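The structure appears below as structure tokens.
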Amino acid sequence: MKSIEASWNGWHLLTLLLLPLSGLFCLLSAIRRLFYRIGWLQVRTLDVPVIVVGNISVGGTGKTPLVIWLVNRLVDWGFKPGIITRGYGGKSDHWPCEVTTESLAEEVGDEAILLKRRTGCPVYAGADRSAVAAQLLSEHACNIIISDDGLQHYGLNRELEIAVVDGVRRFGNGLCLPAGPLRETPRRLAKVDLVIINGKPKQGEHSMHVTGVDAHSLDGRSESRKLTTFSDAKVHAIAGIGYPERFFSMLEANGNGLKLERHAFPDHYRYSTSDLIAFSSQIVLMTEKDAVKCELFAQPGHWYVPATAVVDAGFERQLMALTKRLTDGQKTA
């Protein structure tokens, strides 16, 4: 799989070999969308508006920090949001599953726990987004639903779509899986309501960046510290996310000369005690998503750095206008 992913930023022999499968993937994806549009596949509409935050490529784009930012803004604007998510990597014996701050990543996935802890709003996980949303609404008085990574889940009707694009990798070689990184072609972005670039935008694009300046101890016994306080020490940086380099670059940008030894793990990697033995008595900085899987066997000197999305003012203004128009009269429902 790593060799396939390595080919996604260009054209290689492997790309050519996989091109027929890529064409088939694009065709099946388009047929599936058509079937939902003409009613051959059922689309469920909820009693409250749905905002989908997703992407057209695999790998990390900064979607989770944007979802957290969005939920916090909706609360500021007077809404009562709930979040639905896939629960990727979770092995719960029942779905849909309500996520709590005490849930285990093995049961509901790491992102679901992170979303719950950072927002405090109701979070439900499961593959069938329609069923998950219905379960959430039956148990909580939410008046708007945020679907995390739900752009391709057409079985759930949505009033607003937000697509997040990685500003560094963009669309790779522009091909669909498996020859390229795309779930859908870039033409899909013309149909969403808002597109935001995580990184350096081009002319006319909305932009965001993800930042983190404070480190929190995994064992909970130490006060949080600024990243700059680690600048004179050797630091091991751990990231098991879709695009680890973004986390490493963020640490260096905010750490005032931080000296990093990088350790990249696969996305959603399931850590064990043995993975951290090599870092005993050493300083470790990891993502918050990794921390929810490592906190049970963390050691002193192991820290996580929460990531916060910062968006441009134009994006926020446009989002506010769209959201308030779509939900007119429902905020107090």
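Divided by 2.2 N^0.38 Å, where N counts the residues, the Cα radius of gyration of region 159-264 comes to 1.35.
Taking amide H positions as modeled 1.01 Å from N, with prolines and chain starts lacking one, the residues under 5 Å from A215 and 5 or more places away or on another chain are R225, K226, L227. Scaled to the globular estimate 2.2 N^0.38 Å, the Cα spread of the chain, given as radius of gyration, is 1.01. Counting only whole DSSP H helices of the chain, the ones at least 30 Å long by C-alpha along their axis and with mean Kyte-Doolittle hydropathy no lower than 0.5 are 13-38. Helix-derived [θ] at 222 nm for the chain: sum -39500 (n - 2.57) over DSSP H runs of at least 4, divide by residue count, nearest 500? Mean residue ellipticity, 222 nm, calculated: -9500 deg cm²/dmol. What net charge is computed for the residues neighbouring H209, neighbours being all others with C-beta under 11 Å from the C-beta of H209, Lys and Arg scored +1, Asp and Glu -1? My count for the surroundings of H209 gives +1. Assuming charge only on the beta carbon of Lys and Arg (+1) and of Asp and Glu (-1), the dipole of region 1-131 about its Cα centre is about 460 debye to the nearest 20. If you take the Cα centroid of region 159-177 and the Cα centroid of region 90-146, the two points sit 25 Å apart.
Think of the chain as a dipole: +1 on every Lys or Arg Cβ, -1 on every Asp or Glu Cβ, centred on the Cα centre; then among A112, C26, F279, C26 lies furthest on the positive end. The three principal axes of the C-alpha atoms in region 213-306 carry coordinate ranges of 31, 30, 21 Å, sorted with the longest axis first. When peptides 121-127, 92-98 are ranked by their average number of other Cβ atoms within 10 Å per residue, the highest-first order is 121-127, 92-98.
The numbers here are math on the coordinates, done by the rules we state, and not lab data. As the structure is a prediction and not an experimental result, all values here were calculated from the model. Every residue, glycine among them, receives a Cβ derived from its backbone with ideal geometry; neighbour counts consider all protein chains shown.
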